[in-house]
Amino acid sequence: MNPGGAPLLELQGVVAGYGPVTVLDGLALAVEAGSLTALLGRNGVGKSTTLKAVMGLAQVKAGRILFEGRDITHCRPDERAGLGLGYVPQTRDIFASLSVEENLVAGLKRFPAGDLDQAYALFPRLRERRRNRGNQLSGGEQQMLSVARALLGRPRLLLLDEPLEGLAPVICQELLEAFRRLAAQGGPTMLIVEQQVHEVLAFARQGVILERGSVVHQGDCAQLRTRDDILDRYLGMAVA
Ligand SMILES: Nc1ncnc2c1ncn2[C@@H]1O[C@H](COP(=O)(O)OP(=O)(O)OP(=O)(O)O)[C@@H](O)[C@H]1O
């Protein structure tokens with residue numbers, strides 16, 4: 001399951017990209033089981049590509065990706081999902097013409113062990129909107145549905161790509177509160193790519209900063225919040 005206490009996820013010297021384009025340049029990254037990790041960095045440094053490489057959606061040209069100590073570098077994306085990796089893409093993975101409930105039921109075809117009631121308990125708004133079509137939902141509700149669909153697979157690691165993008169502050173807090181409840185209930189380890197640095201640093205426990213496809217800083221989010229020098233240097237900002 002997890003031989004020798006290995007990290008839940010480990011990227012070893014990963015070189016990855018798209019065709020001739022190389023984005024990740026020997027990326028080394030470890031995510032411990034039970035952690036909440038924020039993956040930060042300026043636009044275009046390779047945050048989404050990191051998640052795509054883990055899911056088998058970007059081409060890995062060198063290096064290895066291990067999940068629970070098992071080499072998944074060459075597994076198909078659906079095999080990775082079956083092994084316990086959940087992914088919420090930046091594009092929100094829902095069917096616009098299906099209702100909330102139909103979206104979830106479609107997810108159950110893929111993950112028969114999933115639990116609709118659990119999804120509704122985590123996001124009561126989805127129960128209220130269960131007859132609304134995907135394209136009749138607000139951005140926040142679409143994001144909740146996308147997360148709920150990923151959770152049907154009962155992942156041990158949930159990869160979230162900019163879950164707060166384009167959401168009003170009050171909805172961001174609602175979503176983060178749901179993530180907190182999920183974590184408190186022993187939910188999946190989470191690796192979150194996010195541009196809303198204030199919000200994600202207040203939520204996550206570990207922060208990893210990428211620059212040009214490599215890790216340039218990693219540490220406690222509580223400490224990172226006080227490191228204006230690092231935030232300014234790598235993210236072009238200072239957090240009060
Ligand atoms: N399908 C693709 N084909 C070719 N190049 C791509 C593709 N997707 C992304 N890229 C390039 O890879 C680089 C890294 O992109 P990526 O989306 O991983 O960055 P990011 O750190 O997530 O950025 P952002 O914060 O803007 O989403 C960028 O230069 C981007 O243009």
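Peptide packing: for 35-46, 133-144, the average count of neighbouring Cβ atoms within 10 Å per residue gives the ranking 35-46, 133-144, highest mean first. If R0 equals 25 Å, the separation of the Cβ atoms of GLU32 and LEU108 corresponds to a calculated FRET efficiency of about 0.25.
Normalised by the number of residues in the stretch 139-240, the mean separation of alpha-carbon contacts (under 8 Å, six or more apart) gives a relative contact order of 20 percent. Between ASP25 and ARG154, the FRET efficiency from the beta-carbon distance, with R0 = 45 Å, is close to 0.85. 3J(HN,Hα) along the stretch 42-49, derived from phi through the Karplus expression 6.51 cos²θ - 1.76 cosθ + 1.60 where θ = phi - 60°, amounts to 5, 4, x, 7, x, 5, 5, 4 Hz, with x in place of Gly and Pro.
Counting only other residues whose beta carbon sits under 14 Å from that of GLY69, what net charge do I get with K and R as +1, D and E as -1? It would help to have the intermediate numbers written out before the result.
Values: positive: ARG64, ARG70, ARG156; negative: GLU10, GLU32, GLU68, ASP71.
That works out to -1.
Taking the C-alpha atoms only, the angle from helix 169-184 to the longest principal axis of the chain is near 80 degrees. When the Gaussian network model of the chain links Cα atoms closer than 10 Å, the mean-square fluctuations of GLN118, GLN218, GLN195 top out at GLN118. In the neighborhood of PRO7, defined by Cβ-to-Cβ distances under 10 Å, what is the net charge if each Lys or Arg adds +1 and each Asp or Glu adds -1? Every neighbour counted, the sum reads -3.
Between the Cα long axis of helix 100-110 and the first principal axis of the chain there is an angle of about 60°, rounded to the nearest 10. Averaging the sequence gap over all C-alpha pairs within less than 8 Å and six or more residues apart, then dividing by the number of residues, gives the chain a relative contact order of 26 percent. Take the Cα of TYR18, step 7 Å toward its Cβ, do the same at ARG130, and the gap between the two points is 3.8 nm. In the elastic network of the chain, a GNM with C-alpha springs shorter than 10 Å, the most mobile of TYR18, TYR120, TYR87 is TYR18.
Among THR49, THR22, THR226, the order by Cβ neighbours within 10 angstrom, fewest to most, reads THR226, THR22, THR49. Listed by chain and number, the aspartates and glutamates whose C-alpha is less than 14 Å from the C-alpha of LYS109, apart from same-chain residues fewer than 8 away, are ASP78, GLU101.
Electrostatic bookkeeping for GLN196 treats Lys and Arg as +1 and Asp and Glu as -1; over the other residues with beta carbon under 10 Å from its beta carbon, the sum is -4. Can you tell me the 0 to 90 degree angle between the C-alpha axis of helix 139-152 and the longest principal axis of the chain, rounded to 10? Compared with the principal axis, the helix lies near 80 degrees.
A short reminder: the numbers here are calculations on the coordinates, not readings from a lab. This is a predicted model, so every value here is computed, not measured. Cβ: placed from backbone, ideal geometry, glycine included. Neighbour counts: every protein chain shown.
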